[in-house]
Amino acid sequence: MNRTKGDEEEYWNSSKFKAFTFDDEDDELSQLKESKRAVNSLRDFVADDDDDELERVSWSGEPVGSISWSIKETAGHSGSTQEGREQLKNQSRNSFSSYAQLPKPSSTYSLSSFFRGRTRPGSFQSLSDALSDTPSKSYAPELGRPKGEYRVCSLERFRSLQDKLQLLEEAENMHDGNVITAVLIFLKRTLSKEILFRELEVRQVALRHLIHFLKEIGDQKLLIDLFRFLDRTEELALSHYREHLNIQDPEKRKEFLKTCISLPFSAEDSAHIQDHYTLLERQIIIEANDRHLESAGQTEIFRKHPRKASILNMPLVTTLFYSCFYHYTEAEGTFSSPINLKKTFKIPDKQYVLTALAARAKLRAWHDVDALFTTKNWLGYTKKRAPIGFHRVVEILHKNSAPVQILQEYVNLVEDVDTKLNLATKFKCHDVVIDTYRDLKDRQQLLAYRSKVDKGSAEEEKIDAILSSSQIRWKN
Amino acid sequence: MAFPHRPDAPELPDFSMLKRLARDQLIYLLEQLPGKKDLFIEPDLMSPLDRIASVSILKQHEVDKLYKVENKPVLSTNEQLCFLVRPRIKNMRYIANLVNADKSAGRTRKYKVIFSPQKFYACEMVLEEEGIYGDVSCDEWAFSLLPLDVDLLSMELPEFFRDYFLEGDQRWINTVAQALHLLSTLYGPFPNSYGIGRCAKMSYELWRTLEEEEESETKSRRPEIGHIFLLDRDTDFVTALCSQVVYEGLVDDTFRIKCGSVDFGPEVTSSEKSLKVLLNADDKVFSEIRNEHFSNVFGFLSQKARNLQAQYDRRRGMDIKQMKNFVSQELKGLKQEHRLLSLHIGACESIMKKKTKQDFQELIKTEHALLEGFNIRESTSYIEEHIDRQVSPIESLRLMCLLSITENGLIPKDYRSLKTQYLQSYGPEHLLTFSNLRGAGLLTEQAPGDTLTAVESKVSKLVTDKAAGKITDAFSSLAKRSNFRAISKKLNLIPRVDGEYDLKVPRDMAYVFSGAYVPLSCRIIEQVLERRSWQGLEEVVRLLNCSECAFTDTTKEDRASSESLRLILVVFLGGCTFSEISALRFLGREKGYRFIFLTTAVTNSARLMEAMSEVKT
């Protein structure tokens, strides 16, 4: 509704709602008007109900005819021979009143049953309740129920704190969450924040309902106040932090995350939040830079492997993969270099190697893969080491379709002989299999393997050479 | 193979009546808005609606166009709009936006909101706040029991799980009580009731209240179902977290069965298009393999294929008349069977392919180790590697929860390191997911933090003893220990196996987990039914943290036939899995019972984890 200011002014001045204007400075007068309005609204309530009664009739057209029709349908279909159903069927045929033996629309029922026994009639859910009450009212005489039973009590009548709390307690005893929430909405409206919070602090069931309700309607402010009052600092912090999910703009999200750092998280979570902020900050820089590089079209890696998605809001490991893919050789000083990420976020060796391996293997940069596992000791000897176990390395390499020569090298580094043989057989690293059987002096297995390799291949020749060697003392 | 029912097994009541009832109620509601109208349907209600009504039925009742409730501009030009929705705040906002847009455009239409299965006061409050209360009329469609199969009723309320077990919101308890009330109205009173869990107890109490207030003829009816058993999902998270290996469960884990039907993609149908297939007792092939351990399914299907071939082959020696008979009478059935057979074979192949790729064998090995409680270090590093390699986030979370519940929480060092790695692999915003999991007791740290006890004691000081007890109770739902190991020992959940467990001839319910584990939920039900009470199970109940909320209520019911006393309605509050259904079907066959399942929704480990996840994927 976008009325202009002029329109609005005119609206207020001309309308019969003039009493609602807020520029009234006369206190007494406004008080008078206030109570008058209250009284009027009460009358409206009553009047509303009557109006509704009328409207309902005009709205529903011919409900009686259609419902009985539908019930007959039901009855006609429930042609079971079993006694119980027969009974139901007979009843159904009489009139649609038997329909009433089925449960009524539920919330109406529970709310009304809850307020039954309160002496003063009134209207709680008023309009809509009356609407959905239509059928039940018609059934009421048949059920021998006092008419107007569904005229439920207005909550407005519960004014003393004691009454309100009793109301809440009864709601809790009924177990129906909908009723508990209804009462809480009323309490929220008619009690000051402090009193409401104080009373809920010792009523955990109701408290959880209020928290859920506030979450659902998105009353973040009251929720935060509540957590603060309850001294639930961690929930407060998380609740605030959750908001970032609704912020799409990366810069704004980053700024928001910055405000989260100082929230009362546990020490451990604080570090996670700090990391989240830093990560997004880095991603924004990398993204801007790389988008520029890519569109300039000067950088080979971006031309060969165009980016599929933006790196913004990706997890750290994905970011590391990205940086190993596009920025592997960069010096530690740049934000996008893998080493920089590793240091900033204290990424464990294992995770780093796993990710770098996957990225470099994807690019088929076997040289980098080799370097990843090569360490030099103080004497200058090189040695291959992998924090993740070479069997995993082999699997990752295979997944990225590494050539047999490369695979072979790493299969050979697997320490456990059985695992080694398994992998070598699985990935067809013939040399490894043959050499291993030779070292195991297992003539039978070698013979068996001979039948698996291609006829006339180099592998077959190699096996034959070994089998005919007189140097080996076969164990079988 | 494909266990037949015992000849003395009781007949199941006919639940199709529930469908007709729901349909008629909907028609009645639609007629409340006479004339042409457009119907806006909540996406989550579409599949259930499909199961009970067709478009032509809607059209018959002057529904003009159908729209999905989604965040898109509304194109409808109809003068009457009807919304069929779940009672959710966001739906109210959607409707309010639409109505208010109409208002400011000077357009008047009639609006009707039909809440299913019931309306909530909070929803009406939003309508009021948005200034459209009175402009829209509200109704309730109490459609809360959808028969998905001859023995399976679903409330189709997956949100029940999060609402109750995470948020502590009891809004659906009334819905459950109403559903039970409806069942007792239609199928007679339940002479024997048992239950475990806070929610079970509350639902039961509210239901009793309804029964007492509504002086219906229920009481004079002969009971059709002899027992009812209510069970909270949080008494047994472990079973729901395990990988499923019976066929139906595996299909659910792999393809997601939605409202009793599954979408088989091209990889299954071996054609270009996907196929929506109803999975229930009507599918003759499926009904024979649904409860089988997956390892048996292949053999069964190939045997079936050979039989089919043989039947086709019979036509070779036929004369014209026989052939005519064959074509008119048998061919159709054979073709149908052929079609189903090839579908399920396709599904099996696809499952095999997927499972081999994800190293299912190793995964199952780890799960079994967790269930039995050995090699915890090894399992922990297996999970760690899962996380590091960015294998599915849901899967990693599931394994962590399984580790936590079986071990009474993670040791702090592991908790911190797994959490850190998880956040690094799948995104820092999962911090919220971890907080949820802790709140629901699914993933906790050992030696519960001092924060909780501090709050607890502070609160306790403020109130009287009676109230303090209540509070401790409320808190204990947060802090309670799972005690899985002790319970497992007490109830013998890990069968001792000499030699190989023969999955072809199962000897106990453990077959649904390859013989490694008897589902806790099903074991509890078995034990209570045997005793007709909780007597002798006090220690188990205590370990389950349910001393206050395990109940029995048996009446002397002379009119109950012996047949009805072997029919048991099991109510799972918070969802049940197909594995549990299979296990209880097995138990039923062993004991001559038949189980009827009522669940708030069919669930599995992935659904549970997704419900806890704050980041929608």
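The values are calculated or read from the model by the stated rules, or taken from the named source; none is laboratory data. No experiment lies behind these values; they were computed from the predicted model shown. Here the Cβ positions follow ideal geometry from the backbone for every residue, glycine too, while neighbour counts run over all protein chains shown.
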> Considering only residues of the stretch A:211-225 that are more than 10 Å from chain B (Cβ to nearest Cβ) and in contact (Cβ under 8 Å) with a residue 24 or more places away in the chain, which is nearest to A:ILE185 (Cα to Cα)?
Replying inline: A:LEU222
> Does the stretch A:155-173 hold any residues that are surrounded by fewer than 23 Cβ atoms within 10 Å (Cβ to Cβ) and either under 17 Å from B:ARG198 (Cα atoms) or under 29 Å from the mean Cα position of the chain (by Cα) (or both), and which are they?
Replying inline: A:GLU172, A:ASN173
>> Restricting to the stretch A:262-311, count the residues that are more than 12 Å from chain B (Cβ to nearest Cβ) and aliphatic (A, V, I, L, M).
In response: 9
> Of all residues in the stretch A:251-269, which are buried (at least 17 other Cβ atoms within 10 Å of the Cβ) and in a helix (DSSP H, G or I)?
Replying inline: A:ARG253, A:LYS254, A:PHE256, A:LEU257, A:CYS260, A:ASP269
> Among the helices (runs of 4 or more DSSP H) confined wholly to the stretch B:510-602, which include 3 or more residues that are among the small types (Gly, Ala, Ser)?
Replying inline: B:578-591
> Among the numbered criteria (1) among the aliphatic types (A, V, I, L, M); (2) surrounded by 19 or more Cβ atoms within 10 Å (Cβ to Cβ); (3) over 29 Å from the mean Cα position of the chain (by Cα), which single criterion is violated by A:LEU223?
Replying inline: (3)
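Every residue in the stretch B:108-122 that is more than 13 Å from chain A (Cβ to nearest Cβ) and either of a type outside the set (S, T, N, Q) or out of contact with any helix residue (DSSP H, G or I) (no Cβ under 8 Å at 6 or more places or on another chain) (or both), please.
B:ARG109
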> When you look at B:ILE196, is it under 27 Å from B:MET609 (Cβ atoms), in contact with a helix residue (DSSP H, G or I) (Cβ under 9 Å, 6 or more places away or on another chain) and within 7 Å of chain A (Cβ to nearest Cβ), yes or no?
Replying inline: no
> Of (1) surrounded by 14 or more Cβ atoms within 10 Å (Cβ to Cβ); (2) under 33 Å from the mean Cα position of the chain (by Cα), B:LEU334 satisfies all except one. Which?
Replying inline: (2)
> Counting just the residues of the stretch A:325-356 that are in contact (Cβ under 8 Å) with a residue 40 or more places away in the chain and outside any loop (DSSP other than H, G, I, E, B), which one comes out surrounded by the fewest Cβ atoms within 10 Å (Cβ to Cβ)?
Replying inline: A:THR344
> Can you spot a residue in the stretch A:236-247 that is surrounded by fewer than 16 Cβ atoms within 10 Å (Cβ to Cβ) and either more than 30 Å from A:GLN204 (Cβ to Cβ) or away from every other protein chain (no Cβ under 12 Å) (or both)?
Replying inline: yes
> When A:LEU238 is evaluated against the numbered criteria (1) outside the structural domain of A:ASN340 (by the TED database); (2) farther than 14 Å from B:LEU423 by Cβ, which criterion, by number, is the only one it fails?
Replying inline: (2)
>> Please pick out the residue among B:LEU183, B:LEU230 that is in contact (Cβ under 8 Å) with a residue 24 or more places away in the chain, closer than 24 Å to B:ARG585 by Cβ, within 14 Å of another protein chain (Cβ to nearest Cβ) and touching a Gly at 6+ places or on another chain (Cβ under 7 Å).
In response: B:LEU230
>> Take residues that are more than 28 Å from the chain's Cα centre (by Cα) and modelled with pLDDT of 95 or more and tell me which of the helices (runs of 4 or more DSSP H) falling wholly in the stretch B:385-448 contain 2 or more.
In response: B:412-426
> Of all residues in the stretch B:208-225, which are at pLDDT 90 or above and more than 10 Å from every other protein chain (Cβ to nearest Cβ)?
Replying inline: B:ARG208, B:ILE225
> Does at least one position in the stretch B:51-67 carry a residue that is of a type outside the set (Phe, Trp, Tyr), in contact (Cβ under 8 Å) with a residue 40 or more places away in the chain and not assigned by the TED database to the domain that holds B:PRO158?
Replying inline: yes
> Only one of (1) at the interface with chain A (Cβ under 10 Å from one of its Cβ atoms); (2) in contact (Cβ under 8 Å) with a residue 60 or more places away in the chain fails for B:LEU153. Which number is that?
Replying inline: (1)
> Any idea which of B:GLU31, B:GLU62 is modelled with pLDDT of 90 or more and surrounded by fewer than 17 Cβ atoms within 10 Å (Cβ to Cβ)?
Replying inline: B:GLU62
>> Can you pull out every residue in the stretch B:30-84 that is β-branched (Val, Ile, Thr) and more than 14 Å from every other protein chain (Cβ to nearest Cβ)?
In response: B:ILE41, B:VAL55, B:VAL63, B:VAL69, B:VAL74, B:THR77
> Among the residues of the stretch B:156-180, how many are in a helix (DSSP H, G or I), away from chain A (no Cβ under 11 Å) and surrounded by fewer than 24 Cβ atoms within 10 Å (Cβ to Cβ)?
Replying inline: 1
>> Anything in the stretch B:569-602 that is among the hydroxyl-bearing types (Ser, Thr, Tyr) and surrounded by fewer than 24 Cβ atoms within 10 Å (Cβ to Cβ)? List them, or say none.
In response: B:TYR593
>> Criterion first (under 28 Å from the mean Cα position of the chain (by Cα), surrounded by 16 or more Cβ atoms within 10 Å (Cβ to Cβ) and assigned to a helix (DSSP H, G or I)) does A:PHE186 satisfy it?
In response: no
>> Just to be sure before I move on: is A:GLU459 within 19 Å of A:TRP366 (Cα to Cα) and out of contact with any Asp or Glu (no Cβ under 7 Å at 6 or more places or on another chain) in the structure I sent?
In response: no
